[in-house]
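K.L.:
Here it is, the structure in full.
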Amino acid sequence: MKRKVTLKQIAKELDVSISTVSKSLRNSLEISEDTRQKVQAFAKLYNYKPNNIALSLKNKKTKTICIIIPEIIHHFFATVISGVEHIANENGYNVLVCLSDESFDKEVINMEMLANGSIDGFIMSLSKETQSKKDFHHIVEVINQGMPVVMFDRVTNDILCDKIIIDDEHAAYNATQYLIDKGLKNVALITTIDYVSVGKLRTDGYKKALKNNDLIVDESLILKIEDIDNFEPQIEELLKTKKINAVFAVNEIFAATTIKLAHKLNIKVPEQLSIIGFTDGIISKYSTPGITTVSQNGVKMGEKAAKMLIERLESEENEEEEHYRTEVIETELVERDSTL
């Protein structure tokens, strides 16, 4: 059986652009007869069959882009959406928001359903299940057929595409160092399971700060939350049984929950327990006390992601080799009353 090939592979073999291959397969008069015949013969030989994604490529522009987010409860994702919409609307694009709900299957269904010509490109943050499975075939398919994808926040090095991130490890290091500089040596970490990329990087930053200050990394002080719907008992047990004077939480929900449970246990914040969170959303600002937190600049991240995607969509695409970029958005520590 002949192997099947993609548009990108045909372009590489024949030393032409993806755009030229696409137009040749559609008998575009922009391409010379000789090139069209060569491309079509090669495609037939290797059993190339266009799918819905390929059919949507270049046939029409919907002026609509899709952002796929893993969950809606975190303020961070809402701010990213706001940034995407701002830039998209300025450039005449509409934005469709889809929720994967941390599900691999929903992420795949969303992409397959919308890549049939409903949208022009994707901005996405990977679901937990996708990162756990390490199965990115649906994203590879979209990219191979020429539809641009920009990843943000939760990304993978296994996919070649444009990416917008923060330096999660460095931000976590600085947050932990801030607590240590306050004289707090028994710092606990409330994080996610390791296959969530941002949780793993923030855990690495926390550990690095401890080691650089000659402090022991006590694994019993690292609480890895898997069930987002039932994690309060785990945090309460940590506060009850471990001698800690500070907590670094990798999101603001974990941080706010820690404050609530500390109050329940008559632990004074920040006098007895300092707490730093991550995101700087509404919860952090209006919690009592207000939460010292790492600001991810979600709006800026969304704006940058939209700019990168629109640049891809409106470029001439005449280069044979793709040059993907990874942009790093700066973070800052916002000090409030949950720390000394």
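K.L.:
Mind checking whether some residue in segment 305-312 is free of Cβ contacts under 8 Å to residues at least 40 places away in the same chain and touching a strand residue (DSSP E or B) at 6+ places or on another chain (Cβ under 7 Å)? Break it down stepwise before answering.
P.N.:
Step one: list which residues in segment 305-312 are free of Cβ contacts under 8 Å to residues at least 40 places away in the same chain, which gives 311.
With touching a strand residue (DSSP E or B) at 6+ places or on another chain (Cβ under 7 Å) added as a condition, the list becomes none.
No.
K.L.:
Sticking with this structure for a sec: Name every residue in segment 278-306 that is outside any helix (DSSP H, G or I) and of a type in the set (Gly, Ala, Ser), in order of residue number.
P.N.:
As a first pass, look at segment 278-306 and keep what is outside any helix (DSSP H, G or I): 278-281, 287-297.
If the condition is that a residue be outside any helix (DSSP H, G or I) and of a type in the set (Gly, Ala, Ser), then GLY281, SER287, GLY290, SER295 are the ones that fit.
K.L.:
Scan segment 136-143 and tell me whether some residue there is over 21 Å from ILE73 (Cα atoms), among the aromatic types (Phe, Trp, Tyr), surrounded by fewer than 23 Cβ atoms within 10 Å (Cβ to Cβ) and assigned by TED's automatic domain parsing to the domain that holds ILE276.
P.N.:
No; the residues of segment 136-143 include none that is over 21 Å from ILE73 (Cα atoms), among the aromatic types (Phe, Trp, Tyr), surrounded by fewer than 23 Cβ atoms within 10 Å (Cβ to Cβ) and assigned by TED's automatic domain parsing to the domain that holds ILE276.
K.L.:
Being over 22 Å from GLU252 (Cα atoms), among the polar types (S, T, N, Q) and in a helix (DSSP H, G or I) narrows it down to one residue among SER220, SER132; which is it?
P.N.:
Numbers: SER220 fails: over 22 Å from GLU252 (Cα atoms).
SER132 is the lone residue from the list that is over 22 Å from GLU252 (Cα atoms), among the polar types (S, T, N, Q) and in a helix (DSSP H, G or I).
K.L.:
Also: Mind checking which residues of segment 25-42 are in a helix (DSSP H, G or I) and either surrounded by fewer than 18 Cβ atoms within 10 Å (Cβ to Cβ) or at pLDDT 85 or above (or both)? Please lay out each step first, then the result.
P.N.:
Within segment 25-42, the first condition is being in a helix (DSSP H, G or I), and the residues that meet it are 25, 33-42.
Answer for segment 25-42, where residues must be in a helix (DSSP H, G or I) and either surrounded by fewer than 18 Cβ atoms within 10 Å (Cβ to Cβ) or at pLDDT 85 or above (or both): GLU33, ASP34, THR35, ARG36, GLN37, LYS38, VAL39, GLN40, ALA41, PHE42.
K.L.:
When you look at ILE164, is it modelled with pLDDT of 95 or more and in a strand (DSSP E or B), yes or no? Give the steps one after another, and end with the answer.
P.N.:
On the way: modelled with pLDDT of 95 or more: yes; in a strand (DSSP E or B): yes.
Yes, satisfied.
K.L.:
Take the residues in segment 223-257 that are among the β-branched types (Val, Ile, Thr) and part of a helix (DSSP H, G or I), then tell me which one is surrounded by the fewest Cβ atoms within 10 Å (Cβ to Cβ).
P.N.:
Taking segment 223-257 first, the residues among the β-branched types (Val, Ile, Thr) are 225, 228, 235, 241, 244, 247, 250, 253, 257.
With part of a helix (DSSP H, G or I) added as a condition, the list becomes 235, 241, 253, 257.
On the way: ILE235: 21, THR241: 9, ILE253: 22, THR257: 20.
Among them, the one singled out is THR241.
Yes/no per residue for (1) assigned by TED's automatic domain parsing to the domain that holds ILE143; (2) in a loop (DSSP other than H, G, I, E, B); (3) β-branched (Val, Ile, Thr); (4) under 19 Å from the mean Cα position of the chain (by Cα):
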{"residue": "ILE259", "(1), (2), (3), (4)": "no, no, yes, no"}
{"residue": "ASN266", "(1), (2), (3), (4)": "no, yes, no, no"}
{"residue": "ILE276", "(1), (2), (3), (4)": "no, no, yes, no"}
{"residue": "MET308", "(1), (2), (3), (4)": "yes, no, no, yes"}
{"residue": "HIS323", "(1), (2), (3), (4)": "yes, yes, no, no"}
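K.L.:
Report, by residue number, each residue of segment 175-197 that is in a strand (DSSP E or B), of a type in the set (A, V, I, L, M) and modelled with pLDDT under 95.
P.N.:
Kept after step one, since they are in a strand (DSSP E or B), are these residues of segment 175-197: 187-192.
Retained after the next criterion (residues that are of a type in the set (A, V, I, L, M)): 187-190.
Within segment 175-197, none qualify.
K.L.:
Could you please find all residues in segment 12-23 being in a helix (DSSP H, G or I) and at pLDDT 85 or above? Before you say what the answer is, go through the steps one by one.
P.N.:
Pass one, segment 12-23, residues in a helix (DSSP H, G or I): 12-14, 18-23.
Matches in segment 12-23: LYS12, GLU13, LEU14.
K.L.:
Same structure again: Going through LEU223, LEU215, LEU201 one at a time, which residue ends up being among the aliphatic types (A, V, I, L, M), outside the structural domain of SER103 (by TED's automatic domain parsing), touching an Asp or Glu at 6+ places or on another chain (Cβ under 8 Å) and over 19 Å from SER338 (Cα atoms)?
P.N.:
Working: LEU223 fails: touching an Asp or Glu at 6+ places or on another chain (Cβ under 8 Å); LEU215 fails: touching an Asp or Glu at 6+ places or on another chain (Cβ under 8 Å).
Step by step, each of LEU223, LEU215, LEU201 is checked, and only LEU201 is among the aliphatic types (A, V, I, L, M), outside the structural domain of SER103 (by TED's automatic domain parsing), touching an Asp or Glu at 6+ places or on another chain (Cβ under 8 Å) and over 19 Å from SER338 (Cα atoms).
K.L.:
Among the residues of segment 74-94, is any modelled with pLDDT under 85 and out of contact with any Cys (no Cβ under 6 Å at 6 or more places or on another chain)? Full working, then the answer.
P.N.:
Narrowing segment 74-94 to residues modelled with pLDDT under 85: 74.
From what is left, the residues that are out of contact with any Cys (no Cβ under 6 Å at 6 or more places or on another chain) are 74.
Yes - at least one qualifying residue is present in segment 74-94.
The values are calculated or read from the model by the stated rules, or taken from the named source; none is laboratory data. In this text, all values refer to a predicted model and were calculated from it rather than measured experimentally. A quick note on method: Cβ atoms are made from the backbone with ideal geometry, for glycine too, and the neighbour counts reach across all protein chains shown.
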